[in-house]
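The structure appears right after this line, and notes come after that.
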Amino acid sequence: MIKIKGLTKYYGNLAALMNLTLTIEPGDIFGFIGPNGAGKTTTMRILATLLTPTSGKASIDGHDVTRQGKHVRRLVGYMPDFMGVYDDLKVFEYLEFFAAAFGIERKKRKAVVEGVLELTDLKVKETATVDSLSRGMQQRLQLARVLVHDPKVLILDEPASGLDPRASIEIRELLRELKNMGKTIMISSHILSELEELCDHVGIIERGRLVFSGTMSEIRNQLGVHGKLRVEIRGDADRAVELLAALPTVEAVQGFEDHISVALHDCERAPAQVARTPVQADLDRRASIPAPLRLADAFLPLTQRIGHLCG
């Protein structure tokens, strides 16, 4: 649904994107991850036809974003990280305005607006003014806005930014519902745990370069890490860290105040070795608890590789 090849963007002498290439399949939720200034928003603005790339190509459903912008804008619903709203408008007036802007016929607008209000659970707020809405409700309103023309593709830049935990969960559930409706969704976020639960694939970008694109399973293969153990030791934890780090099936060991985190190369042999090693050294091992490799665990090692290459 989304194809990017060799995408490069300069702002003067500053390279915001460098030879970015990735593909997002129809119906996928794709998580775009990276620190501030990594190139996420630049990429999304190019896909939304708001920026022109310096070089390279991008297309949505076969339409070139540079040469066929009018077609692309019909296919895409773009939600920036912060969107100015018309504070003195009521919610339904706000959505009717954008429905008109997208050329939806007057006789169809009411039904369209009511449909997106129901979908985003904003029906009870339709007569409220926009400036009276909470941050979470305003984010829902922005999602309703990008849905009025029923786009195939949603490009969402930090949709959970500034939301409280309950509002974040509600937005996440809404995105799952949109996926079930067949939407292809590209979403950027700094909340790695939420993206891991939500996304089919992730892309990690650093300094304008794509570090990784794929599934969590593919991340594990690339890092050579296939799982983790939480090991609880009573006594000489420093000695336990030293012993565990020496095991050939262990990738990395990190000591914390109440446990040791052990990243594993081999999930078949390693757990038994990790459990056995402290005991053989007369250390009191209280527990070894499996813990899957999380997206946050992979983020730093992958981005550090680009840092070393660019340093």
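The values are calculated or read from the model by the stated rules, or taken from the named source; none is laboratory data. Being a predicted model, the structure only gives us computed values, none of them experimental. Every residue, glycine as well, gets a Cβ built from its backbone with ideal geometry; the counts of neighbours run over all protein chains shown. Quick note on the areas: whole protein, heavy atoms, side chains included, nothing else; ligands and nucleic acids left out. Shrake-Rupley method; radii C 1.70, N 1.55, O 1.52, S 1.80 Å.
Here are the numbers:
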item	result
Acute angle (nearest 10 degrees) that the helix 295-310 long axis makes with the longest principal axis of the chain, alpha-carbon atoms	90 degrees
The chain: relative contact order in percent, alpha carbon pairs under 8 Å with at least 6 residues between	19 percent
Region 85-178 shape via C-alpha gyration tensor axes, a/c threshold 1.5	oblate
Global size of region 129-206 as Cα Rg and Dmax, reported in angstrom	12.6, 40
Given charges at Cβ of Lys, Arg, Asp, Glu: the chain dipole, positive-most of 86, 250, 68	68
Electrostatic dipole magnitude of the chain [Cβ: Lys, Arg +1; Asp, Glu -1; Cα centre; debye, to 20]	1260 debye
Whole-number percent relative contact order across region 21-93, with pairs defined as alpha carbons under 8 Å at least 6 apart	18 percent
At q = 0.10, 0.16, 0.17, 0.18 Å⁻¹, base-10 log of I(q)/I(0) for region 15-156 (Debye sum, equal scatterers on each alpha carbon)	-0.38, -0.91, -1.00, -1.08
Region 58-114 - Debye-derived log10 I(q)/I(0), Cα point model, q = 0.19, 0.26 Å⁻¹	-0.84, -1.04
Longest site-free stretch - the chain; sites: trypsin sites (Lys or Arg not before Pro), DSSP loop, at most 14 other Cβ within 10 Å	68-268
Relative contact order, percent, region 1-135 [alpha-carbon distance under 8 Å, six or more residues apart]	20 percent
Accessible surface, 1.4 Å probe, highest first, among residues 124, 76, 279	124, 279, 76
Cα-based helix-to-principal-axis angle, 106-119 vs the chain, degrees rounded to 10	20 degrees
In region 68-167, the GluC sites (Glu not before Pro) that fall in loop regions by DSSP, at most 11 other Cβ within 10 Å	105
Alpha-carbon Debye profile of the chain, log10 I(q)/I(0) at 0.10, 0.12, 0.16 Å⁻¹	-0.67, -0.86, -1.23
